[in-house]
Amino acid sequence: MGVRSILFETLEHAGEPGVAEPGHFRDLNLDQIVRAATEAAGAEAVAPYFRRPLRDPGLVAFRQHIFRDLEDPAVRRVAERFTASVARTRTRLEALARRKHPPQAHRWFLEIVLDYTAAVSGLAEGLDTSAATSPGLRALRDDVAEHVRAAPFGALREGARRLRDRLGEVRYDILLRGDQAGVAPHDEDGRFDYTERVLATFERFRQEPPPEEHEDTAPALGLDVVEAGILDLVAELFPALFGDLAAFHGAHRDFVSAEIVRADRELRFYLGYLAFLAPVREAGMPTCYPAVSATGGELLARDVYDLALAAKLAADGGRAVTNDLRLDGAERVLVVSGPNQGGKTTLARAFGQLHHLAALGCPVPGQEVRIFLPDRVFTHFERRETFGGLASKLEEELLRMRTILEHATPRSVIVLNEILSSTTPDDARLLSEALLASIVRLDAPCLWVSFVDELSLMSPTAVSMVGTVAGDSTTRTYKVVRRPADGRAHALAIAERHGLTHAQIIGRVRR
């Protein structure tokens, strides 16, 4: 049967995760989240898994259950020990490939095999005795246990153990004459063994050594010229044993199972994301496992935030501001307006991040989230005009919007951020009204950050959200609330652009 996938439940969709980064990653800062989680996972091969959102609520729940299991420190330690051992195996095999001294390489190959087989067996045993209850980890336990019981694995492990035991029985004497060293069969009579006499002489000076700190690290590979020469002489004394050691190395060069490598990579997906999330949680930011559905555009999200921003703030001892999002019944479009630098774009990123991360089965940034699984996430964020381009900024924006509308479905999610700002207010209003009508006909959930305040009044499916300011009317609170637009957002933006806000004027007068 093989080792089933703990990301895709069966082997059918596991495969190699060769997926390019989606276009919306950069707009939503998902590229930053994935990069940080991948670094925490310690494996670049994990990154493509974050680019494959799911469409099946059952499979999302399958992953969520595994995440919950791995939040238990005891279960997580089992997984971390295994992934650390597989990483150590990989590192040691790479180092071994650079060894040019055959007897040394054969000996260390044996140690690598023993460490690897212990790690694989330890994963099955550790999961068996842990409190893991998810179907995914229980299936992994059963499949790895079956893998360990299979004949090829058993032959590999037992063959390595027998060779280790035979090597442990090897006895020889090193003979030193001036600057010359030689090797001879061990003197059973002990005529040249001065060990007991030396120990007896220095017994009164002996002290108990401090307790050893055992580090789970690989022994250093490499012998100096003298050590390598002595090992060659020992190999000549025991040709049968070292011949068997060389034969074992030759027969099992590809001993690492591709299924075990995949299991390691998939576990790292979970462990890396949880490790990335840890500092954010320690900073007091809420996370939750969202309730997901395959249909409908309704949304409930309490205390949500931009996860990439929260991670940066947590590193500096800060916390992100949270907001609530809601789409009820026939509501489909959240129109967000308000002053510049007031948290609108951050909220747009949080909206998009929620949909993508929920579709990965990951814990999401928020206190409580109910959300549907989109078929795709489309984003259109304002970009600087490219000098020398054949199209104007407005034309480029409209072409991008046409592409989105041509490919989006009612199950897609659309995030628009401050588009059409390069044209006049009147033209922006007319174009926005036409685009809104197309999105409404599509019936796709959308969050639209816009200076066109009246956009929320152009359709009964649109809802207004406004960025708030403190009592001085200039200090941003970064709170965005559901309420009718007050019509001042565009005017304030223009005033700021020309240095004509109350604070800017007072500042110049005081100078």
(message) If you take Rg/Rh (Cα atoms, Kirkwood Rh) from the coordinates, which of (1) 1.16; (2) 0.98; (3) 1.24 do you get?
(response) (1)
(message) Run through segment 392-448 and list the trypsin sites (Lys or Arg not before Pro) located in a DSSP loop whose Cβ has at most 16 other Cβ atoms within 10 Å.
(response) none
(message) Suppose every Lys and Arg Cβ carries +1 and every Asp and Glu Cβ carries -1, with no other charges. What dipole size does segment 283-508 come out with about its Cα centre, to the nearest 20 debye?
(response) 400
(message) Tell me the Rg and the Dmax, in Å, that the Cα atoms of segment 368-467 produce.
(response) 14.0, 47
(request) Determine the relative contact order of segment 283-508: mean sequence separation of Cα pairs under 8 Å and six or more apart, normalised by residue count, in whole percent. (result) 27
(request) Would you compute the Debye intensity of segment 283-508 from its alpha-carbon atoms alone, equal scatterers and no solvent, and pass along log10 I(q)/I(0) at q = 0.13, 0.18 Å⁻¹ to two decimals? (result) -0.78, -1.40
(message) Just to be sure I understand the model, the point goes 7 Å from the Cα along the line to the Cβ. What's the resulting GLN367 to GLU396 distance in nm?
(response) 4.1
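When the helix-only estimate is applied to the chain (DSSP H runs of n ≥ 4, each -39,500 (n - 2.57), divided by the residue count), what is the mean residue ellipticity at 222 nm, nearest 500 deg cm²/dmol? Please report the intermediate quantities before stating the final value.
Working: 17 runs with 248 residues, N = 511.
Result for the chain, helices only: -16000 deg cm²/dmol.
In nm, what is the difference between 0.36 nm times the number of residues separating THR475 and GLU80 and their Cα-Cα distance? Numbers along the way, then the final one.
Values: separation 395, 0.36 × 395 = 142.20 nm, distance 4.59 nm.
Extending this stretch completely gives an extra 137.6 nm.
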(request) Express the accessible area of the chain per residue in Å², computed with a 1.4 Å probe while the remaining protein chains stay in the model. (result) 51
(request) Rank-order 68-77, 307-316, 360-369, 271-280 by packing density, defined as the average count of other C-beta atoms within 10 Å over each peptide's residues, highest first. (result) 360-369, 271-280, 307-316, 68-77
(request) Return the percentage of antiparallel bridges among DSSP beta bridges fully within the chain, rounded to the nearest 5 %. (result) 50
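With the full set of protein chains in place, find how many percent of the accessible area of segment 44-97 is carbon and sulfur; take the probe as 1.4 Å. Mind showing how you got there, number by number?
On the way: 1180 of 2240 Å².
Roughly 53 percent of what the probe reaches on segment 44-97 is carbon or sulfur.
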(request) Choose one of GLY229, VAL86, GLY467: the residue whose Cα lies farthest towards the positive end of the charge dipole of the chain (beta-carbon charges +1 Lys, Arg; -1 Asp, Glu; about the Cα centre). (result) GLY467
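Could you calculate the contour length gain from VAL509 to ARG26, that is, 0.36 nm times the residue separation minus the distance between their Cα atoms, to one decimal place in nm?
Details: separation 483, 0.36 × 483 = 173.88 nm, distance 4.12 nm.
Value of the extension gain: 169.8 nm.
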(request) Would you work out the charge dipole size for the chain about its Cα centre, treating the Cβ of every Lys and Arg as +1 and the Cβ of every Asp and Glu as -1, and quote it to the nearest 20 debye? (result) 1560
(request) Round to the nearest 10 and give me the degree value, 0 to 90, for the angle of helix 393-407's Cα axis relative to the longest principal axis of the chain. (result) 70
(request) Pull out the extension gain between VAL226 and ALA246, defined as 0.36 nm times the separation in residues minus the alpha carbon to alpha carbon distance; nm, one decimal. (result) 5.1 nm
(request) Taking a cut-off of 28 Å between Cα atoms, list the lysines near LYS344, but don't count ones fewer than 8 places away on the same chain. (result) LYS312, LYS393, LYS479
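The values are calculated or read from the model by the stated rules, or taken from the named source; none is laboratory data. Bear in mind the structure is a predicted one, so any value in this text is a computation, not a measurement. Because the Cβ atoms are built from the backbone with ideal geometry, glycine has one as well, and the counts that use them run over all protein chains shown. We work out accessible area using only protein heavy atoms, side chains counted, and drop any ligands, DNA or RNA first. Shrake-Rupley method; radii C 1.70, N 1.55, O 1.52, S 1.80 Å.
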